[in-house]
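As structure tokens, the structure follows; a few thoughts come after it.
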Amino acid sequence: MSQTMKAAVLHAVGEPLRIEQVAIPQPGPGEILIRIVACGVCHSDLHAIDGDWSALPTLPLIPGHEITGHVAAHGEGVSQPAIGTAVGMPWMYSACGTCEFCLGGMETICEHRESTGYSKQGGYAEYMVAPAAFVATIEPDVDLYALAPILCAGVTTYRGLMRSRARPGQWVAVMGIGGLGHVAVQYAIAMGLRVAAIDVADDKLELARSYGAECLINALDNPVETLRQQIPGGVHAVLVTATANAAFEQSVKMLRPGGTAVFIGLPGGDADTVRASISSISGWELSITGSNIGTRHDLNEAVLFAARGLVKAQINLERLDDINDIFARMRTGQLVGRTVLQIA
Ligand code: NAD
Ligand code: ZN
Ligand code: ZN
């Protein structure tokens, strides 16, 4: 094995990534080395690079957190998953395992959690190390390129739908049919929900229609009124995966009495604050909740939907060398489905 690997590295927030040869990391106690096959390109990586969020990433940083690959080496004390096993690594790099949230099955809000490709080195590289206890194991016959987006887009929207408490037969609006949204539509349909898809781009709405979305709304044209005309009374739940602030304020106005808006997108900066009607929320018993990626249990369940063929990301395979160009297209909303880096 050569001692260096190719990686895309962020040296300063706001700068393009640099393609470099860096040392292959060595797994420490409790860790494994993953030989990476694929890594999806999530909009959170673009937020990291642009420094959109108040807590900035660790520099220099290898971004990327929709990772699939194979176990290549074990650190001290690790015997599982076995060498060669197919594994996936999500945004949640680790959690403490002992705080009240971890003990309560809510490791997504552990205050000591670490984030793959943000506070820890991620998957825009040929290898990475990860805590053995936080990788998902994957059945050997699963397509690791197609599965990569499930490691973030999949688990995040799966958990978001669970947190919406929408039941089969009820309406859910998915705002933003990007990398997250296009798999959200599929999870919703697989769960027996009825879907309204909302985006600013008609080609993305068409993709949602192909999965079974019944109501398609272009957000550029009075989305709240249009939705309320097409679905009298409003929707039971909204999943906001859009990156524009306007979508979050609109989402609450689309709810039926008793409905729940789930905030997932993270526009950051000045766009981080919403205005909402207190009297509507109180008088109609509306809920606004957040959803932060997913627990390991959520991830295993989300992967199972994909392994069974109920959810399949539309992937466009591209090269690590083209990462800055991919981000330029993501910024202008040109990516349909999910772009996945073909690393091996
Ligand atoms: P993406 O760029 O693939 O998709 C965003 C979509 O939003 C695009 O299709 C775009 O056309 C659409 N959009 C833009 N403005 C809109 C508007 N006004 N109304 C409706 N749709 C609009 O991004 P992605 O990878 O799907 O990520 C989406 C967001 O989710 C990002 O902010 C990302 O950081 C966040 N995210 C959050 C979590 C979490 O755990 N909470 C996890 C992953 C990603
Ligand atoms: Zn992500
Ligand atoms: Zn914890």
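So which pairs qualify, if the first residue must be in the stretch 56-76 and under 9 Å from Gln121 (Cα atoms), the second must be more than 16 Å from ligand 3 (Cβ to nearest atom) and acidic (Asp, Glu), the Cβ gap must be under 6 Å, and the two must be at least 6 apart or on different chains? Taking only residues 6 or more apart or on different chains, the pairs are Pro63/Asp45.
I want to confirm something. Restricting to the stretch 121-159 and keeping residues that are within 16 Å of ligand 3 (Cβ to nearest atom) and of a type outside the set (Phe, Trp, Tyr), which single residue is surrounded by the fewest Cβ atoms within 10 Å (Cβ to Cβ)?
Only one residue tops the list, namely Ala133.
Against the list (1) of a type outside the set (Phe, Trp, Tyr); (2) more than 9 Å from ligand 1 (Cβ to nearest atom); (3) at pLDDT 95 or above; (4) closer than 30 Å to Pro63 by Cβ, the condition Ile293 fails is (2). Filtering the stretch 119-173 to residues that are in a strand (DSSP E or B) and within 16 Å of ligand 2 (Cβ to nearest atom) leaves Lys120, Met128, Ala130, Ala136. In the stretch 192-207, the count of residues that are outside any helix (DSSP H, G or I) and either open to solvent by 50 Å² or more (accessible area, probe 1.4 Å) or among the hydroxyl-bearing types (Ser, Thr, Tyr) (or both) is one or more.
Just to verify a result, which residue in the stretch 58-74, among those that are open to solvent by 10 Å² or more (accessible area, probe 1.4 Å) and of a type outside the set (A, V, I, L, M, F, W, C), is nearest to Ala12 (Cα to Cα)? It comes out as Pro60. For the stretch 1-40, which residues satisfy the criterion of being assigned to a strand (DSSP E or B) and hydroxyl-bearing (Ser, Thr, Tyr)? Selection gives Thr4 alone.
Of everything in the stretch 89-108 that is part of a loop (DSSP other than H, G, I, E, B) and within 16 Å of ligand 2 (Cβ to nearest atom), the residue that is least open to solvent (accessible area, probe 1.4 Å) is Pro90. Within the stretch 94-119, residues that are within 16 Å of ligand 1 (Cβ to nearest atom) sit with their Cβ atoms under 7 Å from residues that are among the hydroxyl-bearing types (Ser, Thr, Tyr), at 6+ positions apart or across chains, in these pairs: Glu107/Thr295; Thr108/Thr295; Arg113/Ser94; Glu114/Tyr93; Glu114/Ser94; Ser115/Tyr93; Thr116/Tyr93; Ser119/Thr58. Each residue in the stretch 41-57 was checked for being assigned to a loop (DSSP other than H, G, I, E, B) and open to solvent by less than 30 Å² (accessible area, probe 1.4 Å), and 4 of them qualify.
Scanning the stretch 160-170 for residues that are over 18 Å from the mean Cα position of the chain (by Cα) and buried (at least 24 other Cβ atoms within 10 Å of the Cβ) yields a single hit, Ala166.
Of all residues in the stretch 173-205, those being closer than 22 Å to Met330 by Cβ and more than 21 Å from the chain's Cα centre (by Cα) number 1.
The conditions of being open to solvent by less than 60 Å² (accessible area, probe 1.4 Å) and touching a residue at least 24 places away in the same chain (Cβ under 8 Å) are not met by Ile288.
Taking residues in the stretch 237-249 that are assigned to a loop (DSSP other than H, G, I, E, B), and partners anywhere that are crowded, with 23+ Cβ neighbours inside 10 Å and among the hydroxyl-bearing types (Ser, Thr, Tyr), the pairs with Cβ atoms closer than 7 Å and at least 6 places apart or on different chains are Thr241/Thr157. Looking at Leu310, Leu286, just one residue is in contact with a strand residue (DSSP E or B) (Cβ under 7 Å, 6 or more places away or on another chain) and more than 16 Å from ligand 2 (Cβ to nearest atom), and that residue is Leu286. Evaluated against (1) under 23 Å from His47 (Cβ atoms); (2) open to solvent by less than 20 Å² (accessible area, probe 1.4 Å); (3) touching a Gly at 6+ places or on another chain (Cβ under 9 Å); (4) more than 10 Å from ligand 1 (Cβ to nearest atom), Gly176 falls short on exactly one condition, (4). Taking the listed residues Asn245, Asn300, Asn316, the one that is touching a Pro at 6+ places or on another chain (Cβ under 7 Å), away from ligand 3 (no atom under 16 Å from the Cβ) and open to solvent by 30 Å² or more (accessible area, probe 1.4 Å) is Asn245, with no other qualifying.
When Gly258, Gly309, Gly234 are screened for being assigned by TED's automatic domain parsing to the domain that holds Pro140 and over 30 Å from Ala48 (Cβ atoms), only Gly309 passes.
The values are calculated or read from the model by the stated rules, or taken from the named source; none is laboratory data. Because the structure is a prediction, the values reported are computed rather than measured. Quick reminder, even Gly has a Cβ in these numbers, built from the backbone with ideal geometry, and neighbours come from all protein chains shown. The protein model used for the area step is the full one, side chains on, heavy atoms only, and it has no ligands, DNA or RNA in it. Shrake-Rupley method; radii C 1.70, N 1.55, O 1.52, S 1.80 Å.
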